[in-house]
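One structure is given below, encoded as structure tokens.
Nothing in this text is a laboratory measurement; each read-out follows from the coordinates by a stated rule. All of these numbers come straight from a predicted model, not from anything done at the bench. Virtual Cβ from ideal backbone geometry, glycine too; neighbours counted across all protein chains shown.
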Amino acid sequence: MTALNTALPILLAGCTTHGLSKVYLLSLSYADTGAATTQNNNHVSPNTIDAFMNLTENVSGLEVRASYFGFCLTFNSSASTCSNSIDNLASTVQQRADGQDPLNLLWTAKQFRDATIFSGLM
């Protein structure tokens, strides 16, 4: 069996179970940088950066991973919850005390999977 024949089923099965939560195509997360933004000549619109920082200042530790058939959700580096339904994971986020996803990372991960991942990748 070639490496491609072995890797492809694993890649396809990524984010379908906790054991495969580290196999994914896209990862989005809120990170606590702990530091104020610094001015940079590349920042054409520095106010935009501040607006996003203000939106997400009370959210940290949420990570969403998208794969071919599923999604995984992790809070503060704890155990992952994986599902093929983003709606199930959205319910999990809403049931938490903070229940926050201000930049809609779950929705963005689903849009990525629906619009980008196609059978031609196989």
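Summary of values
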quantity	calculated
Simple spin-label estimate for N40 and D98 in nanometres, 7 Å along Cα-Cβ	2.3
Length released on extending from N58 to A115, taking residue separation times 0.36 nm less the Cα-Cα span	17.5 nm
Kirkwood hydrodynamic radius over Cα pairs of region 41-99, then Stokes diffusion coefficient at 37 °C and 0.692 mPa s, in µm²/s	246
